[in-house]
Every structure is written in C-alpha cells, then in structure tokens.
1. Go through 158, 136, 129 for me and flag whichever is open to solvent by less than 50 Å² (accessible area, probe 1.4 Å) and either charged (D, E, K, R) or over 12 Å from the mean Cα position of the chain (by Cα) (or both).
2. Determine whether residue 84 is under 20 Å from residue 198 (Cβ atoms), open to solvent by 30 Å² or more (accessible area, probe 1.4 Å) and either in contact with a helix residue (DSSP H, G or I) (Cβ under 6 Å, 6 or more places away or on another chain) or not basic (Lys, Arg) (or both).
3. Open to solvent by 50 Å² or more (accessible area, probe 1.4 Å) and more than 27 Å from residue 64 (Cβ to Cβ): does that describe residue 142?
4. Would you check if there is a residue in region 102-113 being within 19 Å of residue 141 (Cβ to Cβ), touching a residue at least 40 places away in the same chain (Cβ under 8 Å), surrounded by 19 or more Cβ atoms within 10 Å (Cβ to Cβ) and out of contact with any strand residue (DSSP E or B) (no Cβ under 7 Å at 6 or more places or on another chain)?
5. If a residue has to be over 19 Å from residue 66 (Cα atoms) and either open to solvent by less than 10 Å² (accessible area, probe 1.4 Å) or among the hydroxyl-bearing types (Ser, Thr, Tyr) (or both) to count, how many in region 161-178 make the cut?
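The values are calculated or read from the model by the stated rules, or taken from the named source; none is laboratory data. As the structure is a computational prediction, the values presented were derived from the model and not from experiment. Heads up, the Cβs are rebuilt from the backbone with ideal geometry, glycines too, and the neighbour counts pull from every protein chain shown. The protein model used for the area step is the full one, side chains on, heavy atoms only, and it has no ligands, DNA or RNA in it. Shrake-Rupley method; radii C 1.70, N 1.55, O 1.52, S 1.80 Å.
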Amino acid sequence: FHGLALSLPTQEAARLRRQAEALGLQAVYPDRPVQATLRESVPLIGAPQVWALRDGQGLPATGQGVRVAVIDTGIDYTHPDLGGGIGPGHKVITGYNYIDGTTNPMDNHGHGTHVAGIIAANGQLRGVAPDAALLAYKVLDRAGEGLESDVMAAIERALVDGAHVINLSLGGGGNPNDPMSQAVDAAADAGAVVVVAAGNGGRYGGL
C-alpha cells in the first residue's frame, strides 16, 4: 500500500478529503484505532498428534525453521517459556516498538505475550508450534490501543525480516478493500500466511 499517515485537525482532514481529486490523491482514509481483543485460550486442537508427524523435510512438525510475526502489544521476551531474551539464539529473534519508536518490543499489556505463548511457548507451557521463532512488533500500547498505519508498517517490516506467518490478533473497523486489507493481501501475495482475528464483533472478518 502506497500512502502517507498524517495527523490533522478534523476540519483540515475533511477539507483534504474534499480536495483529494484536485490534489491528485486516489483516496483519503481515516486512521482508525485498533485494539487488543482478549479471548479464552484456544480449545484443544490435537497439536500433540501433529507434533508426531513429519514435515516436508522430514523434521517433526513443531514449527522448526518457521518465523512467526506477532503484531500486537509486543512480547515479554524475558519469560522463560518464550526464550528468556531477544536476538540471535533466542526464541524472539527480533522486533520493533512502533509505540515508542525503539527496537525494544517489550509487552506492557499482556495480550501479545499471551498470543506468543499460544503460538510458540516451549517450557513449562508448550504452544502449538513450540520450535517456531518469533518476531515481535509492538503496535498496541499499554491500554491495548494503536493505529492501523503502525499495523501496516509492521506487516511490511515482518516481510523484510523473513516472516513465514504473520499473526494479527486484534480488532477494529474495516472492509475487504481498505488499506489494511490491501496490506494483508500484498503480504499474502509475497508468500506469507497471514492469520487475522475473525468473529470479534464481526471486525476484520472480511480480510
């Protein structure tokens, strides 16, 4: 998605929208808020039976060699079940904090850590893919709120960082043709599997 995120007073944004065609703009969209949507843990899905299987390379189907991007409230990478650190040699191998503009994606809310544990915890608790590596992108703040533009930037960064799977366990308004959906479509076209929350009030169900 080729675009620019701006912060404008409401009246200026309305004027920009009215003058979009004259200014050579294809469209002007609101930068809608997004937020974490907490749910009970996933029900048993037979993951241990899957771990007993082999993938196409003959390895146990436990996520080994797979990079999963968690675009959320960040990840508490110090948690022992999530590797105890960040960087090469750890489960969380990289990340970025779009809330503070730093390379430290520490979770100060809890939702992203919860999601990361479901995906790839490997310790006292085991996730669905315990041997997968994690990429942590903090786009939601301590209140679980953020902006679509940061989510879209994180999707792009995840692809650059080699994500095989991109997880978006968050909710907000949208439709199948808005900028967020275009970003998700582009990521899928680039070869990533994009997993998006659905059924949370009908939000993002069309992605």
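1. Numbers: 158 fails: either charged (D, E, K, R) or over 12 Å from the mean Cα position of the chain (by Cα) (or both); 136 fails: either charged (D, E, K, R) or over 12 Å from the mean Cα position of the chain (by Cα) (or both).
Just one listed residue meets the conditions, 129.
2. It is false that residue 84 is under 20 Å from residue 198 (Cβ atoms), open to solvent by 30 Å² or more (accessible area, probe 1.4 Å) and either in contact with a helix residue (DSSP H, G or I) (Cβ under 6 Å, 6 or more places away or on another chain) or not basic (Lys, Arg) (or both).
3. So residue 142 fits the description; yes.
4. yes
5. First, the residues of region 161-178 that are over 19 Å from residue 66 (Cα atoms): 170-178.
Among the residues that remain, those that are also either open to solvent by less than 10 Å² (accessible area, probe 1.4 Å) or among the hydroxyl-bearing types (Ser, Thr, Tyr) (or both) are: 170-172, 178.
Residues in region 161-178 being over 19 Å from residue 66 (Cα atoms) and either open to solvent by less than 10 Å² (accessible area, probe 1.4 Å) or among the hydroxyl-bearing types (Ser, Thr, Tyr) (or both): 4 in total.
Condition check ((1) farther than 16 Å from residue 168 by Cα; (2) hydrophobic (A, V, I, L, M, F, W, C); (3) open to solvent by 70 Å² or more (accessible area, probe 1.4 Å)) across all residues:
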site: 6; (1), (2), (3): yes, yes, yes
site: 16; (1), (2), (3): yes, yes, no
site: 20; (1), (2), (3): yes, yes, no
site: 47; (1), (2), (3): yes, yes, no
site: 69; (1), (2), (3): no, yes, no
